[in-house]
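Data block below; observations after.
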Amino acid sequence: MIYNHLGGDTVCRQVTINDTLASIASEAQYDPIGDPGNRATSVAGYSPGPGQWTIQFYLTATMAQVYIASIGLSETNTVGTGNLHNHLVIGYDHTSVNSDLAIDATITIVNI
């Protein structure tokens, strides 16, 4: 199915097995001055039960002035590199908000 949208609109597609972090367009550096070339990393996490992991991200008000299209797991913090282990579409616009931001995402792993 094809959907029309205006140029510059945020759109997404289903993740494929061939995706890498280089597949994500315009991946944001979380602090281009203090830590150039790196993405925000999870500061903590915990398991609420078997087969589950809650990944936690924290951004200061200055770092969080972005549109967050997606979050995910990788084995590297360098922008545009690494394997994409999972990918969650979040679609949250924090560009006009001047406050810290904490994101918790729970991942459930199921054998099918």
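The values are calculated or read from the model by the stated rules, or taken from the named source; none is laboratory data. Quick caveat: nothing in here was measured; it's all calculated off a predicted structure. So basically every Cβ, Gly included, is an ideal-geometry build from the backbone, and we count neighbours across all protein chains shown. To get the accessible areas, we keep the full protein, side chains included, count just its heavy atoms, and leave off ligands, DNA and RNA. Shrake-Rupley method; radii C 1.70, N 1.55, O 1.52, S 1.80 Å.
Applying the Karplus relation 6.51 cos²θ - 1.76 cosθ + 1.60 with θ = phi - 60° to the range 92-102 yields 3J(HN,Hα) values of 10, 9, 10, 5, 9, 10, 10, 8, 5, 9, 10 Hz, where x marks Gly and Pro. Just the protein heavy atoms count here, and of the accessible area of the range 71-112 at 1.4 Å, carbon and sulfur take up 52 percent. The residues packed around LEU101, meaning those with a beta-carbon under 14 Å from its beta-carbon, carry a net charge of -4 if Lys and Arg are +1 and Asp and Glu are -1.
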